[in-house]
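A.B. asks: Pasting a structure below so you can have a look.
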């Protein structure tokens, strides 16, 4: 959409155009901008997600004369004409809509970015992901050129080893060591796979990187392929990420045109190309051996290891699998040196980690912080803490394989070993914040129902064990729990962890174990007192109307599907507990927030 | 911007084998092409009809059980036709804690169907999906090509009503 080739306009408007932006209405904003921009001195461009997901749709207005930029949030089509008229036309900043200004980091939501350290996300939201030129202007593909033309594969591996980077997909295996295994594996034909099967609910950093900076991932793959000796790379990406797939397609085609992919890349005699494989929706395919089975066109079921994929992977050949975030950091490491990367972080966890802040946090979005930051810094300094009037209760890390940590553990540093010691895992980077309206038993049940559904069914502990655990959790949530159930859960969890074939089963009990450890009182409350203090579990709550604040407007009466609410007009209403099905429709409709669940 | 509405695209009828022919040619001789073949077939026909799978197995040299095994393993594949609009209610973690179960319940109430079912008039099919990766807008529902975020149960009725009568509704969120 930019008017390339003509004289540069004074202003450049960059619209956040990732999935989150589009879901929030960026398409309508784009249309309005295109329709209205004609009469102004302005170029239009798009970019991926900047990370301010909570303020989408977002437009950054860059003044090329002064070099200053102002980012506006919560836009819609109607606001576009005022933005063009006042800011672009008259140079007047519309203060009320400002998210961030380049010359004043402290204004607006500036501290959201100020508390971050962006390596993986260095281009996200700043470059047009569909333009290889913009990536090259920022020094893109220089790291790949440097690796291929001035370094031996062993030197590349050594550099990555020095950086101390560990697999960002969750397991945290040192990347340099992993590459070394694949390099040394016997065989001429080797494969490199980029794992973009981001399956954890609540994690979207891979999507954001693929949508916002696909070239960084491709450049990382070129370097990795060269280092391990793989001439063919695969990107295994979820089919649920159509925009990421589209941008990868565009990026790969542009690379082939420029000789960055294909035969004799970067003028050397090294060949490397990439094929995209669309996943078909199976959480277990995040597991290496299941992912390989899926690329081979089979049911995505894991197999016992050894042999490890580094020796016998795709089509029986040595295969190296890395996560999107790991690969996106590689060009930076080659460009700046492993030692520079290792300056960030803790003794055993180096560099930065991207987290997806979501749930009951004020600023949900992408946060990239150096390892060693505490959870408190991530959630409160970057994320702005929990939403209005609520109290922080827990943070869930690592999705269905992870755990829930209470407020007392907020000073735990972001470090593989420190997080594992709490019973949670670093995981891929999902961070869901829960407040006092979140029921921890329900949350554990939610994760178990997810893993139970996604269990591939191959091994018994996972297939049947998770089913039994889910049954117990369901009956606890329904108020039918027995005092022995806590013990039963613990025994089952221990067995499933010990006996499952792959990491899906091996980590599935974590959400239950951590909630049992830190929120045992909630389980006991459900079982012994038939009470859900968070007001979530339908069987254990009653809805009631506060007669002091009820205005008798009757809105609740209209929405109640079972006619459980009655009362005189303009008089306090009441709910018939026997009829009430606790659907909470009335709660979401009440204008005076007079209805409470207890 | 799209002039034609993508969500109302017609799928090929299952007795028309021309699209299948094209798919078989596209992947001829490719190793491990079962999943992309099934994906393309579903895109062409809207779902994986038994006739299509039988024909694919015969022509591409697979056992029907192989294709059926793959089609039932991955959540993307459907063996039943869907309604005109597919409603996907996100049940990712962020959406769950923000009340996604209440959203699904209200859609069921309004349409008189259960999860996985299609309304008798063929208008809507209701599905639950795992995280669509737009957690900051939770809870989220996707109807056809339109995404609705920060939902409340009380907003469902009006949204669904918008799909009756107003034929061109889906065009606005479409970008191509």
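A.B. asks: What about residue B:147, is it in a strand (DSSP E or B), over 13 Å from the mean Cα position of the chain (by Cα) and within 7 Å of chain A (Cβ to nearest Cβ)?
C.D. replies: yes
A.B. asks: Tell me yes or no: at least one residue of region B:45-55 is more than 30 Å from residue A:356 (Cα to Cα) and within 11 Å of chain A (Cβ to nearest Cβ).
C.D. replies: Checked against the condition, which is being more than 30 Å from residue A:356 (Cα to Cα) and within 11 Å of chain A (Cβ to nearest Cβ), region B:45-55 yields no hits at all.
A.B. asks: Only one of B:85, B:74 is buried (at least 19 other Cβ atoms within 10 Å of the Cβ), in contact with a helix residue (DSSP H, G or I) (Cβ under 8 Å, 6 or more places away or on another chain) and away from every other protein chain (no Cβ under 13 Å); which?
C.D. replies: That would be B:85, the only listed residue that is buried (at least 19 other Cβ atoms within 10 Å of the Cβ), in contact with a helix residue (DSSP H, G or I) (Cβ under 8 Å, 6 or more places away or on another chain) and away from every other protein chain (no Cβ under 13 Å).
A.B. asks: Check off (1) within 13 Å of chain A (Cβ to nearest Cβ); (2) free of Cβ contacts under 8 Å to residues at least 40 places away in the same chain for residue B:132 and give me the number that stays unchecked.
C.D. replies: Here residue B:132 meets the rest and fails (2).
A.B. asks: Could you grab me the full set of residues in region A:232-247 that are at the interface with another protein chain (Cβ under 10 Å from one of its Cβ atoms) and not in a loop (DSSP other than H, G, I, E, B)?
C.D. replies: A:238, A:243, A:244, A:246
A.B. asks: Considering only region A:92-140, state which residues are over 17 Å from residue A:71 (Cβ atoms) and either modelled with pLDDT under 90 or in contact with a strand residue (DSSP E or B) (Cβ under 6 Å, 6 or more places away or on another chain) (or both).
C.D. replies: A:117, A:119, A:120
A.B. asks: Please tell me if residue A:281 is assigned by TED's automatic domain parsing to the domain that holds residue A:167 and at pLDDT below 95.
C.D. replies: Yes; evaluated as a whole, the condition is true for this residue.
A.B. asks: Here's another thing I want to ask about it. Tell me the residue from A:171, A:143 that is surrounded by fewer than 24 Cβ atoms within 10 Å (Cβ to Cβ), modelled with pLDDT under 95 and in contact with a helix residue (DSSP H, G or I) (Cβ under 8 Å, 6 or more places away or on another chain), please.
C.D. replies: That would be A:171, the only listed residue that is surrounded by fewer than 24 Cβ atoms within 10 Å (Cβ to Cβ), modelled with pLDDT under 95 and in contact with a helix residue (DSSP H, G or I) (Cβ under 8 Å, 6 or more places away or on another chain).
A.B. asks: Continuing with the same structure: Taking interchain pairs and intrachain pairs at least six residues apart, which have beta carbon atoms under 6 angstrom, with the first residue in region A:265-277 and closer than 20 Å to residue A:249 by Cβ and the second assigned to a strand (DSSP E or B)?
C.D. replies: Close Cβ pairs satisfying both conditions: A:265/A:272; A:273/A:262; A:274/A:233; A:275/A:234; A:276/A:235; A:277/A:234; A:277/A:236.
A.B. asks: Out of (1) closer than 30 Å to residue A:504 by Cα; (2) touching a strand residue (DSSP E or B) at 6+ places or on another chain (Cβ under 8 Å); (3) not in a helix (DSSP H, G or I), the odd one out for residue A:161 is which?
C.D. replies: Condition not satisfied by residue A:161: (3).
A.B. asks: Inside region A:293-383, counting only strands (runs of 3 or more DSSP E) that do not spill past its ends, which hold 3 or more residues that are more than 30 Å from residue A:117 (Cα to Cα) and more than 14 Å from chain B (Cβ to nearest Cβ)?
C.D. replies: Answer list for region A:293-383: none.
A.B. asks: Please find, within region A:271-292, the residue that is nearest to residue A:195 (Cα to Cα) out of those that are in contact with a strand residue (DSSP E or B) (Cβ under 8 Å, 6 or more places away or on another chain) and more than 14 Å from every other protein chain (Cβ to nearest Cβ).
C.D. replies: A:288
Per-residue answers, yes or no, for (1) without any contact (Cβ under 8 Å) to a residue 24 or more places away in the chain; (2) within 13 Å of the chain's Cα centre (by Cα):
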| position | (1), (2) |
| --- | --- |
| B:43 | yes, yes |
| B:52 | no, no |
| B:56 | no, no |
| B:83 | no, yes |
| B:93 | no, no |
| B:99 | no, no |
| B:105 | no, no |
| B:110 | no, no |
| B:128 | no, yes |
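A.B. asks: Step by step: first the residues of region B:148-176, then only those that are out of contact with any helix residue (DSSP H, G or I) (no Cβ under 7 Å at 6 or more places or on another chain), surrounded by 12 or more Cβ atoms within 10 Å (Cβ to Cβ) and more than 18 Å from residue B:104 (Cα to Cα), then the one that is modelled with the highest pLDDT. Which residue is that?
C.D. replies: Step by step, filter region B:148-176, then rank; the result is B:169.
A.B. asks: Could you check region A:215-243 and list, in sequence order, the residues that are closer than 21 Å to residue A:287 by Cα, touching a strand residue (DSSP E or B) at 6+ places or on another chain (Cβ under 7 Å) and either touching a residue at least 60 places away in the same chain (Cβ under 8 Å) or crowded, with 21+ Cβ neighbours inside 10 Å (or both)?
C.D. replies: Once the filter is applied, which keeps residues that are closer than 21 Å to residue A:287 by Cα, touching a strand residue (DSSP E or B) at 6+ places or on another chain (Cβ under 7 Å) and either touching a residue at least 60 places away in the same chain (Cβ under 8 Å) or crowded, with 21+ Cβ neighbours inside 10 Å (or both), region A:215-243 yields A:217, A:221, A:224, A:225, A:228, A:230, A:233, A:234, A:235, A:236, A:237, A:238.
A.B. asks: Applying the selection to region A:308-325, what residues are more than 29 Å from residue A:353 (Cα to Cα) and either in contact with a strand residue (DSSP E or B) (Cβ under 9 Å, 6 or more places away or on another chain) or at pLDDT below 95 (or both)?
C.D. replies: Within region A:308-325, A:312, A:315, A:317 qualify.
A.B. asks: Show me the helices (runs of 4 or more DSSP H) found entirely inside region A:432-525 where at least 3 residues are away from chain B (no Cβ under 13 Å), touching a residue at least 40 places away in the same chain (Cβ under 8 Å) and crowded, with 18+ Cβ neighbours inside 10 Å.
C.D. replies: A:460-477, A:503-507, A:510-518
A.B. asks: Grab the helices (runs of 4 or more DSSP H) fully contained in region A:6-109, keeping just those with 2 or more residues being under 28 Å from residue A:369 (Cα atoms), within 14 Å of another protein chain (Cβ to nearest Cβ) and free of Cβ contacts under 8 Å to residues at least 40 places away in the same chain.
C.D. replies: Passing ranges, in order: A:19-23.
The values are calculated or read from the model by the stated rules, or taken from the named source; none is laboratory data. Since this is a predicted model, take the numbers as computed values, not measurements. Every residue, glycine among them, receives a Cβ derived from its backbone with ideal geometry; neighbour counts consider all protein chains shown.
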